[in-house]
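Here you go, one structure.
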Ligand SMILES: [Zn+2]
Ligand SMILES: [Zn+2]
């Protein structure tokens, strides 16, 4: 499987960037994991809506779902022009209710994460873990051909994430908090050291810090995380693709 980062800023993007969005490609299809602000613009560089097997949203904060309405416009066009036959499957938490209602449309078929255990999309097995954020939020594990990719979504340090990410080949973990940063100081997040501690305890193969603060000291974050993880840590970027 291949993982492309479409957007990685926490809260709001910087110029030309996007908030959370990750494109997972298998031999059998593509999954869009989170669809934040600017993600549809970035998706156009790598794919088209008709190539997506479905969309998974970790939670219903705007930096993870702001572009869902835009995606649905693209789907509406694809359905009208026979580039798509079926509605777009979208899997997400069903809370908060006002946000859940907001993403319903004639172009999409919605499933509630709360009612799913594991399910298959694009030939990959997808599992969820409820994490600790300010609204219902789920970490996501994607397993394909014995390779495992885990995404923390937005959360505080959580011991159960260690088990969930155990021995994952690739772990994208949020690191929103950084000393000196004024980007966002909201609750429900981690810093680079906490992300690295989870990665270390879980014995993951590779750690990528994501959901970054625009004014973060990225060298410091990398150093702090690498010291704890014991291996080099990468920062999310739009140029790197990860192959598992
Ligand atoms: Zn977020
Ligand atoms: Zn959030």
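Name the residue that is farthest from residue 15 (Cα to Cα), counting only residues in the range 197-244 that are touching a residue at least 40 places away in the same chain (Cβ under 8 Å) and out of contact with any strand residue (DSSP E or B) (no Cβ under 9 Å at 6 or more places or on another chain).
Among those residues, the one meeting the criterion is 197.
Which of (1) within 20 Å of residue 241 (Cβ to Cβ); (2) crowded, with 19+ Cβ neighbours inside 10 Å; (3) touching a residue at least 60 places away in the same chain (Cβ under 8 Å) does residue 11 not meet, given it meets every other one?
The one condition residue 11 does not meet is (1).
With the structure loaded, tell me whether residue 89 is under 20 Å from the mean Cα position of the chain (by Cα) and crowded, with 19+ Cβ neighbours inside 10 Å or whether it fails that test.
Spelling it out, it is not the case that residue 89 is under 20 Å from the mean Cα position of the chain (by Cα) and crowded, with 19+ Cβ neighbours inside 10 Å.
In the range 61-88, which residue that is under 16 Å from residue 51 (Cα atoms) and in a loop (DSSP other than H, G, I, E, B) is nearest to ligand 2 (Cβ to nearest atom)?
Of everything passing the filter in the range 61-88, 87 is nearest to ligand 2 (Cβ to nearest atom).
Pairs only if they're at least six apart or on different chains, beta carbon under 6 angstrom, first in the range 52-80 and surrounded by fewer than 21 Cβ atoms within 10 Å (Cβ to Cβ), second modelled with pLDDT of 95 or more and part of a helix (DSSP H, G or I); list them, first residue then second.
Within 6 Å, the pairs are 70/40; 78/49; 78/50.
While we're on this one: Just wondering, is there one or more residues in the range 149-163 that are closer than 24 Å to residue 241 by Cα, more than 13 Å from ligand 1 (Cβ to nearest atom) and free of Cβ contacts under 8 Å to residues at least 12 places away in the same chain?
No: zero hits.
Of all residues in the range 131-147 being in a strand (DSSP E or B) and away from ligand 1 (no atom under 16 Å from the Cβ), which is surrounded by the most Cβ atoms within 10 Å (Cβ to Cβ)?
If we take residues in the range 131-147 being in a strand (DSSP E or B) and away from ligand 1 (no atom under 16 Å from the Cβ), then 142 is surrounded by the most Cβ atoms within 10 Å (Cβ to Cβ).
Could you tell me whether the range 26-47 includes any residue that is under 14 Å from residue 172 (Cβ atoms) and out of contact with any helix residue (DSSP H, G or I) (no Cβ under 8 Å at 6 or more places or on another chain)?
Yes, the conditions are met somewhere in the range 26-47.
Okay, residues lined up against (1) assigned to a loop (DSSP other than H, G, I, E, B); (2) away from ligand 2 (no atom under 16 Å from the Cβ):
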{"site": "167", "(1), (2)": "yes, yes"}
{"site": "172", "(1), (2)": "no, no"}
{"site": "181", "(1), (2)": "yes, yes"}
{"site": "184", "(1), (2)": "yes, no"}
{"site": "188", "(1), (2)": "yes, no"}
{"site": "201", "(1), (2)": "no, yes"}
{"site": "207", "(1), (2)": "no, yes"}
{"site": "222", "(1), (2)": "no, yes"}
{"site": "226", "(1), (2)": "no, yes"}
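Ok, one more. Any chance the range 102-118 includes a residue that's within 13 Å of the chain's Cα centre (by Cα), touching a residue at least 12 places away in the same chain (Cβ under 8 Å) and more than 16 Å from ligand 1 (Cβ to nearest atom)?
For the range 102-118, residues within 13 Å of the chain's Cα centre (by Cα), touching a residue at least 12 places away in the same chain (Cβ under 8 Å) and more than 16 Å from ligand 1 (Cβ to nearest atom): absent.
I'd like to verify a number: residues in the range 1-18 that are assigned to a loop (DSSP other than H, G, I, E, B), within 13 Å of ligand 1 (Cβ to nearest atom) and either touching a helix residue (DSSP H, G or I) at 6+ places or on another chain (Cβ under 8 Å) or over 20 Å from residue 215 (Cα atoms) (or both), how many?
Here the count works out to 4.
Out of the range 19-36, which residues are more than 16 Å from ligand 2 (Cβ to nearest atom) and assigned to a strand (DSSP E or B)?
If the condition is that a residue be more than 16 Å from ligand 2 (Cβ to nearest atom) and assigned to a strand (DSSP E or B), then 23, 24, 25, 26, 29, 30, 31, 32 are the ones that fit.
Which is closer than 16 Å to residue 202 by Cα and assigned to a strand (DSSP E or B), of 125, 150, 91, 162?
That would be 150, the only listed residue that is closer than 16 Å to residue 202 by Cα and assigned to a strand (DSSP E or B).
In the range 212-233, what residues are buried (at least 18 other Cβ atoms within 10 Å of the Cβ) and out of contact with any helix residue (DSSP H, G or I) (no Cβ under 8 Å at 6 or more places or on another chain)?
Correct list: 213, 216.
The values are calculated or read from the model by the stated rules, or taken from the named source; none is laboratory data. Here the structure is a predicted model, which is why all the values come from computation and not from measurement. Every residue, glycine as well, gets a Cβ built from its backbone with ideal geometry; the counts of neighbours run over all protein chains shown.
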